[in-house]
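Here the structure is laid out as structure tokens; the discussion comes afterwards.
The values are calculated or read from the model by the stated rules, or taken from the named source; none is laboratory data. None of the values given here were measured: they were computed from a predicted structure. All Cβ positions, even for glycine, are placed from backbone atoms using ideal geometry, and neighbour counts span all protein chains on display. These area figures cover heavy atoms from the full protein model, side chains too; ligands, DNA and RNA do not enter into them. Shrake-Rupley method; radii C 1.70, N 1.55, O 1.52, S 1.80 Å.
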Amino acid sequence: MDRISEKINHASYGYSGFFDIVKIKEEHLDRMIAYDNQLIDEVNALTDAIDALKTQLIGGDYTNLKEKIQAVTDKFDLLESGI
């Protein structure tokens, strides 16, 4: 999780001011928005998987823990690979 947050913290902003010489074209902006939305979806899926695992553990249900933990780990890997 630290690797993911550091990649996000140190990512370039991609900002182009209104009067800058370099302008961002609409199709590039659409791709950036789609990328951001995909990251949000992946973070939400990760949060849901962690919440489900936490609820299961608090409830004392220890069945299929290996698979649930692997699913959370896979979601972390997917999120990290998308950054």
| query | Based on the inverse mean of 1/r over its pairs of different Cα atoms, what is the Kirkwood hydrodynamic radius of the chain, in Å? | reply | 15.2
| task | Skip the ligands, DNA and RNA, and give the accessible area per residue of the chain with a 1.4 Å probe, whole Å². | result | 83
| message | For a Förster distance of 22 Å, can you work out the FRET efficiency between the beta-carbons of Thr73 and Asp30, rounded to the nearest 0.05? | response | 0.10
| task | Check the chain and count each lysine pair with an alpha-carbon distance under 22 angstrom, considering only pairs eight or more places apart or from different chains. | result | 5
| What angle, in degrees between 0 and 90 and rounded to the nearest 10, separates the Cα long axis of helix 65-82 from the longest principal axis of the Cα atoms of the chain? | 10
| remark: Of every hundred units of 1.4 Å-probe accessible area on the chain, the number belonging to carbon and sulfur atoms, as a percent, is 60
| query | Add -39500 (n - 2.57) for each DSSP H run of 4 or more in the chain, then divide by its residues: what number comes out at 222 nm, to the nearest 500 deg cm²/dmol? | reply | -24500 deg cm²/dmol
